[in-house]
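Asks: Just dropping this structure here.
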Amino acid sequence: MPDEDPFHRRLHHVAAGGLTADTAQTSGMRRVAAISGATVGSRNLWMGQTHVAPATASGNHHHGESETAIYVVSGNPSFVFQDDEHGEIRIDTKPGDYIYVPPWVPHREENPDPANEAVVVISRTTQEAIVVNVDDLGFSDPGPIAQNQ
C-alpha cells in the first residue's frame, strides 16, 4: 500500500506448496510464481520457478522490459538465443550455474536430458511475469512497451 508505514511492514512466507501456476506461460515449460504483486504485494520483483520436462524445448519468447536472473537448481538445461554475428548460440548449464537474460532478448530453454526434469529459479525486475511468445529468435524493435501475452 502506498501509505503503508515503511517501518512496520510484515515479511511474507511462500512455502513450496504455495507456488501458483496463475502466471504467464510458454509452450514446453511450466512456470510457477512465488513472489509477485499478486502473491505478496511486491512492487518491483517477480520470482518463481520454471520446469522443463525431459527431452523438451520451450517456445521462443522474451520478457519485455524485465531483466531476468536464472539459477539452475536441477538438470542440465540449455539456453538458446540468436547473435547477429554468430547465429544461434547455445549455453549449456548445470546445477549451481546462473544465467542473465537482458530485456527484450528472444530465447528458449531446452532440456536435452531424456529422463530428468530441469528446474530453475527465476527472478525478474518487474512485479509480474512479462512473457511475450514469439515465432523465432530474431530480435526486433519492441516499439511500445509489450503487454503480457
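Asks: Mean shadow of the chain, computed from the convex hull of its alpha carbons, in nm²?
Replies: Over all viewing directions, the chain projects a mean Cα-hull area of 10.1 nm².
Asks: In a shell of Cβ-Cβ distance under 12 Å around S78, excluding S78 itself, what net charge do Lys and Arg (+1) and Asp and Glu (-1) give?
Replies: In short, -3.
Asks: Per 0.36 nm of contour for each residue apart, how much would the distance between D84 and F139 grow if the chain were fully extended, relative to their Cα-Cα spacing?
Replies: Length difference between fully extended and current span is 18.9 nm.
Asks: Can you give me the relative contact order of the chain as a percent, contacts being Cα pairs under 8 Å and 6 or more apart?
Replies: Normalised by residue count, the contact order of the chain is 29 percent.
Asks: Next question. Put +1 on the Cβ of each Lys and Arg and -1 on the Cβ of each Asp and Glu in the chain; which of G41, Q82, H51 then has its Cα farthest toward the positive end of the dipole?
Replies: It is G41.
Asks: Once phi is turned into θ = phi - 60°, what whole-Hz ³J(HN,Hα) does the Karplus curve with 6.51, -1.76 and 1.60 give for every residue of segment 24-40, x standing for Gly and Pro?
Replies: With coefficients 6.51, -1.76 and 1.60, one gets 4, 10, 9, 4, x, 8, 10, 9, 10, 9, 10, 10, 7, x, 6, 8, 9 Hz.
Asks: Starting from the Cα of Y98, step 7 Å toward the Cβ, then list every residue of segment 27-67 with an amide N under 20 Å from that point.
Replies: What the label zone holds, given the 20 Å backbone N cut-off, is 34-35, 44-50, 63, 66-67.
Asks: Between S74 and A53, what is the label-to-label distance in nm when each label sits 7 Å out along the Cα-to-Cβ direction?
Replies: 1.7 nm
Asks: Something else now. Compute the longest continuous run of the chain that contains no exposed trypsin sites (Lys or Arg not before Pro); treat a site as exposed when its DSSP state is not H, G, I, E or B and it has at most 14 other Cβ atoms within 10 Å.
Replies: 44-149
Asks: Continuing with the same structure: Residue by residue, what Karplus-based ³J(HN,Hα) values in Hz, rounded to whole numbers, does segment 89-100 have, using 6.51, -1.76 and 1.60 with θ = phi - 60° and x for Gly and Pro?
Replies: Couplings: 10, 10, 10, 8, 10, 9, x, x, 7, 10, 10, 10 Hz.
Asks: From the square roots a ≥ b ≥ c of the eigenvalues of the alpha-carbon gyration tensor of segment 65-113, which class results: rounded (a/c under 1.5), prolate (a/b over b/c), or oblate?
Replies: Oblate, because a/c is 1.5 or more while a/b does not exceed b/c.
Asks: What's the local net charge at P112, with K and R +1, D and E -1, over the other residues with C-beta under 14 Å away?
Replies: Net charge in that neighbourhood comes out at -2.
Asks: If you average the C-alpha positions of segment 97-114 and of segment 10-78 separately, how far apart do those two centres end up, in angstrom?
Replies: Here the two parts' Cα centres lie 12 Å apart.
Asks: For the chain, modelled as a Gaussian network with Cα springs under 10 Å, which listed residue fluctuates most, V32, V40, V80?
Replies: V40
Asks: Show that you can apply the helix-only estimate: for the chain, add -39,500 (n - 2.57) for every DSSP H stretch of four or more residues, divide by all residues, and state [θ] at 222 nm to the nearest 500.
Replies: The helix contribution divided over the chain gives -500 deg cm²/dmol.
Just so you know, all these numbers are worked out from the coordinates, no wet-lab data involved. Note that the structure is predicted; figures quoted are calculated from it, not measured. Cβ coordinates were reconstructed from backbone atoms using ideal geometry, including for glycine residues, and neighbour counts include every protein chain displayed.
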